[in-house]
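Report on the structure given below.
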Amino acid sequence: MMCISLVLVFLLCFGFSWRRRDEKQKSLNVSGIILPPRVIVGQKGRVSVSIEGRRVDRVQTAWFLNDTPISDTSLTASEKGALLPSRGEMGYYKLHTQSPLHSSRSGTQQLISSLTFIPQIAVHKGAVFKCQVSYLGKDKIVEERVSEKFTILSAPEVSEIQLAETPGDSDVISMTVQASHFHPDVITFRWFCQGGELSPVASQASSSPRPNSEGFFSAYSQCKLPRTELEKGGTKVWVSVHHIALKQPVTRETRGFIRRPCVSEITSSTSSDQTLMLGCEITDFYPPNISVIWLKMREGEQDDREEEMIKGGEMWGPLESEPRLFRATATLMRKAANQEKKERSGGIICRVEHCSLQEPIERHWSNVDIVAPSIPPSISVCWSSEGVGVFSLLLKGGHPKVKVLWAAGGNTLSPLTSSETEDIGDNGQRELKSVCALEKSTGPPSRTDKQSRKKRSGHAIKTKAAVTDPNTEGIEYIDEKVDGENNNIEREEDTRSEVDEDSDKEGEEDSGALHINRVNLTRGPRESERARLRVCVEITHPALKLPVYRTWTEPNEEISSST
């Protein structure tokens, strides 16, 4: 029994020591996950773990992003993948396993497992990496390591300083710098000034960074200086942009003086070989950096503004005309014979861009003939039996369309509401008929006046009937030859008078009815006298250097009969 007991004790000790030896050989020393010092969008980064032990040659590792398994996609995914991957897409990953290396310790080996990836905000923001270590052929996880959350960095793209006049205050210049495509959202703008009275510069608080659809942020900062400080020419202003993704701050600067360009209208000339030259003068601007783009408008529709860039434009200059002032000339050569019909009708735009402009300056040129309309020598006038006067003017031809403005009053004139209809005459020319209806008053409108106007508005004044049909009932014509003043062409100064804007709503609902303007005529020194009614029409057109006026003046006998 004693021999059997000794043998069992020996076997037990041997088994225990063997187990200790086996566990010692199978034990592993796994480091934490080592993250790269800077994780930058679009640049490769590597995470790794170090495994030490006697049997690391039998070890396998599995990587996870949060709880999603990671597989090697280096052969299928592009290193320049989309910033916003589709659902289920993991992006670019490459797995590395470095062969076991003998450590300084006796019998100990080291294995390094690493993962190369390209950071994407949509995938990796707020994520963690996980590495599980196990033996080949075994399901049991020996060790598991989880990384810390890491911050994805994207350096800001910083614009040049944009200078512009402050809306509503041309004596103050605003300087704006824009930062975009950065991550995370913490960014700092610092403005400085040298050589001026303001040092350092007090800047407006930067806008709160806003994310875009890709997850990047953008923000701007603005600083304002008096125009006089910049026009001295010696004031230097610069801005420093600080962000965690930048090793050094980004600096943008501008040096003094700024002047908005003056842009002339486009002039045209045609040479003997049918070459059309367009030119545009740009003067009094600073700094000298300026950009000119020529654009073609299609179909002649200004509202649609379908634009197409024209090549071949040239610019002469910039030339310094005065100290710190420059001028330039933009030209465009076109073969007039080869121009398409659309281009001739649509026109050409000269667009000027400068750092002092918040919006580009545009000048439009249209290759069409400008023809003045035929204007009659006097206004046609007719009166209804109820005291409503209908004044009309027929303009023939002309291109582009003529503009008409009616006004009436006594000593002063006030604008009136008129109606215009356009038609094609027998000779194929455009004809524009402008009609204006009014009634006289010497006092404020009363309720009975309004009611009587409503009663008579239904049948008396119809636009086309009053102008085209001389046999319309209720209309009495006045012989314009009675008073010679009716045919005089006068230019009246723009003044004010009282016009009752109380309109006949029922008449407005009827598309065929004219709007009847109510004109108050002030009385003279004697209460029994009132001012003579004057009706004037102003005609403006590009072919006319000055507006043309036609005036009708009430005859004296009309005043005496009415009083």
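The values are calculated or read from the model by the stated rules, or taken from the named source; none is laboratory data. Keep in mind that this is a model prediction, so the values were computed, not measured. Neighbour counts are summed over all protein chains in view; Cβ atoms, including those assigned to glycine, are modelled from backbone coordinates with ideal geometry.
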Subject >> Boolean, Q120 is at pLDDT below 90, among the polar types (S, T, N, Q), more than 51 Å from the chain's Cα centre (by Cα) and surrounded by 18 or more Cβ atoms within 10 Å (Cβ to Cβ) >> reply: no
**OP:** Quickly run through the range 144-174 and pick out the residues that are part of a strand (DSSP E or B), closer than 20 Å to I187 by Cβ and of a type in the set (A, V, I, L, M).
**Re:** I152, L153, V158
Original post:
Across the range 423-446, what is the number of residues that are surrounded by 11 or more Cβ atoms within 10 Å (Cβ to Cβ) and at pLDDT 85 or above?
Top reply: 9
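Yes or no, residue by residue, for (1) in a loop (DSSP other than H, G, I, E, B); (2) modelled with pLDDT of 65 or more; (3) in contact with an Asp or Glu (Cβ under 8 Å, 6 or more places away or on another chain):
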{"site": "C13", "(1), (2), (3)": "no, yes, no"}
{"site": "F16", "(1), (2), (3)": "no, yes, no"}
{"site": "D22", "(1), (2), (3)": "no, no, no"}
{"site": "P36", "(1), (2), (3)": "yes, yes, no"}
{"site": "W63", "(1), (2), (3)": "no, yes, no"}
{"site": "E79", "(1), (2), (3)": "yes, yes, no"}
Subject >> Single condition A179 does not satisfy, out of (1) over 30 Å from the mean Cα position of the chain (by Cα); (2) in a strand (DSSP E or B); (3) small (G, A, S) >> reply: (1)
Subject >> Failed item in (1) polar (S, T, N, Q); (2) in a strand (DSSP E or B); (3) at pLDDT 85 or above, with Q98 passing the rest >> reply: (3)
